[in-house]
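Working notes, beginning with the structure itself.
Computed from the coordinates by the stated procedures, all read-outs in this text should not be read as laboratory data. These figures come from a predicted structure and were not determined experimentally. Cβ sites come from the backbone with ideal geometry, for glycine too, and all protein chains shown count toward neighbours.
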């Protein structure tokens, strides 16, 4: 399982815990590992602790994207998550990593225990959002005991790690306010485009009705009530506008589809088909309620909308992105109950500008300096 070279060459682990294969996992984990390995520093190797349910299928999927990854079944039941330190200790004794990059506070807690035992030297907390706030606001797992653990875990991850990776400046400000983080041992890298998205075809001017698209889950933290209010204002005021949900069908989007027959459509596509579907639209919608979770977020769809040549409709308080949309003329920042200006089709020239902006600011190459800073901090 471990080649002899693994004992001789410096290695940094990228640790994930209880994350399942998805488009987000490919773009924000396996693609990141691959990109860091292209920068000429120490080897970065993914270690994924995943559910034992459908383990072989999950392992096969992850290794198809990251062949050198080590995919292990985690200890069953989330409440026993601390027992996974035994698995990680075994990996560290074999590979002797100089550092561990950890996706989330649970993985970071395990890695900090490895540092305490002398099994690694440095730990980087990869903060993808405000974890405690998200668990408290949206009850990611309906278990009060587990929810109560997340805030102290996040506090230790922020305070005790040797380095930190944040998806937004707003998240760093949250760390400073909630946990008293006062240092500068961090970099900010927003959620970037997956390797399969940047080359999506950009159509010319569209001779078709104006089409809005919402891509992603309509789960609680996606603020469907706010989204519904925004969409119904547009649909009522502008009869030529259509809406496409690239989502799994549920009671929320189905109700809206029934209320506007022929104008609202719900589709669920394979990940590889999404880019082409986005490119047939004009505006991507991303409105969310003003929770802490959303105020520090870096939604992956933001970059994907831009890369597909879409202007973005959003509201104030979405991570670093609301101000960016207004400053760079990337779309519209609307008030939840305010007037909606007439929407227009996005021209071919505008699509090209938005696409170029995404490639300039939201590819992994655009953040090479920050990735190298992470690697140097852990080597």
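Compute the angle between helix 105-116 and the longest alpha-carbon principal axis of the chain, please, reported from 0 to 90 degrees and rounded to the nearest 10.
Relative to the chain, helix 105-116 is tipped by roughly 20 degrees.
If you take every DSSP beta bridge whose two residues both sit in the chain, what share of them, in percent to the nearest 5, is antiparallel?
Of those bridges, close to 0 percent are antiparallel.
Can you sort 147, 189 so the residue with the fewest Cβ neighbours within 10 Å comes first?
147, 189
For an R0 of 30 angstrom, estimate the FRET efficiency from the Cβ-Cβ distance between residue 94 and residue 64 and round to the nearest 0.05.
0.80
What FRET efficiency do you get for residue 86 and residue 366 if R0 is 30 Å and r is their Cβ-Cβ distance, rounded to the nearest 0.05?
0.15
With springs only between Cα atoms under 10 Å, which of 316, 237, 366 fluctuates most in a Gaussian network model of the chain?
Highest fluctuation among the options: 237.
Using alpha carbons only, how many angstrom separate the centre of segment 63-141 from the centre of segment 151-172?
14
Which angle between 0 and 90 degrees, to the nearest 10, do you get for helix 85-95 versus the longest principal axis of the chain when only C-alpha atoms count?
Here the helix axis deviates by roughly 70 degrees.
State the Cα centre-to-centre distance between segment 323-372 and segment 29-45 in whole Å.
27
Once you place label points 7 Å from the Cα toward the Cβ at residue 144 and residue 249, how far apart are they in nm?
Result: 3.9 nm between the two label points.
Sort 110, 83, 74 by Cβ crowding within 10 Å, fewest neighbours at the top.
83, 74, 110
If each residue's Cβ is checked for other Cβ atoms within 10 Å, how do 38, 166, 68 rank with the fewest at the top?
Fewest to most other Cβ atoms nearby, the residues stand as 38, 68, 166.
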